[in-house]
1. Using only Cα atoms, find the angle between the long axis of helix 188-221 and the longest principal axis of the chain, and express it within 0 to 90 degrees, rounded to the nearest 10.
2. Stretch Ala217-Ala137 to full length: gain in nm at 0.36 nm per residue minus the Cα-Cα span?
3. Take the alpha-carbon positions of the chain, form their convex hull, and give its projected area averaged over all directions (one quarter of the hull surface) in nm².
4. Relative to 2.2 N^0.38 Å, what does the C-alpha radius of gyration of region 94-166 come to as a ratio? Two decimals please.
5. For region 60-127, take every pair of Cα atoms, bin their distances at 5 Å starting from 0, and report each bin as a whole percent.
6. With the cut-off at 21 Å, tell me which of the pairs Lys36/Lys203; Lys114/Lys172; Lys117/Lys183; Lys114/Lys203; Lys117/Lys203; Lys49/Lys202 have Cα atoms farther apart than that.
7. Could you pull out every residue, at least 5 positions away or on a different chain, whose amide H is within less than 5 Å of the one on Ile39? Hs are placed 1.01 Å off N in the peptide plane, and Pro or chain starts have none.
8. Using just the alpha carbons, could you tell me how many Å³ per residue the convex hull of region 1-134 encloses?
Amino acid sequence: MSVGFDDVLLLLHVVFFAYWLGTDLGVFYSANYTLKADIGVEARAYCAKILNFLDQPPRIAMVATFTIGASLSILRGWADLAQWWLIPIWTVGVLWTGAVIYLYVNGHQPEKIKTIKTIDFNFRLFMIGLLTVVAVASLMGMGITDQPWLALKVLTFAGTMICGVIVRVVMKNFGASYGPMMKGTATPEQVATAQATMARAKKAVMGIWALLIIATALGLWKPG
């Protein structure tokens, strides 16, 4: 049995999917504890630190899933793109991953990450639009692939990114109510606001999980 480069990429594609969904479950579970009203400041700070760390693998895995998935589509002939497209795809993947890590490492310095954070958010909006157009055009027979399952998988990936943007928008002012909780000075109203905000964000997170499962099914079964 010979193992080609595309086979290695396929393995990595599956591994990153597992990290994306698996650690996302950890973030989801940890969030319940960090928002409990009856835990102390030290315990909350510890939970928040774990939560922030666990939130990074899904962010990196999302970028890796896109990069590797796009590469597989080219190498296995599912997408009508020349192999030189691998260069810009991997360049984007590396830069995007670097941005994610930079935002995490410097997260405690809001002014330092402001520009990169804005670029990252706008780039995600651009990618959502691009992937949606590519997927819909392909389904209409005018895109880069004649494989319906691949077009639908691209569309579901765009959907996961939309859910991610929704989470960011919902959580935009989370710090205003969560900050006092970290200091032990929060009012019952602030605690309730923080909990309600997280509850709304979790709905979008569950949307990501559902779309990931759909994307996995499309990749495994390749209907159409």
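1. 20
2. Working: separation 80, 0.36 × 80 = 28.80 nm, distance 2.15 nm.
That works out to 26.6 nm of additional length.
3. 13.6
4. Working: Rg = 15.3 Å, N = 73, 2.2 N^0.38 = 11.2 Å.
That works out to 1.36 for region 94-166.
5. Percent of pairs per bin, in order: 3, 16, 23, 21, 15, 10, 6, 4, 2.
6. Details: Lys36/Lys203 19 Å; Lys114/Lys172 13 Å; Lys117/Lys183 25 Å; Lys114/Lys203 27 Å; Lys117/Lys203 23 Å; Lys49/Lys202 19 Å.
In this structure, Lys117/Lys183; Lys114/Lys203; Lys117/Lys203 exceed 21 Å between Cα atoms.
7. none
8. Values: hull volume 18.6 nm³, N = 134.
Convex hull of Cα atoms, per residue: 139 Å³.
The numbers here are math on the coordinates, done by the rules we state, and not lab data. These numbers were taken from a predicted model, which means no experiment stands behind them. Cβ atoms come from the backbone with ideal geometry, glycine included; neighbour counts cover every protein chain shown.
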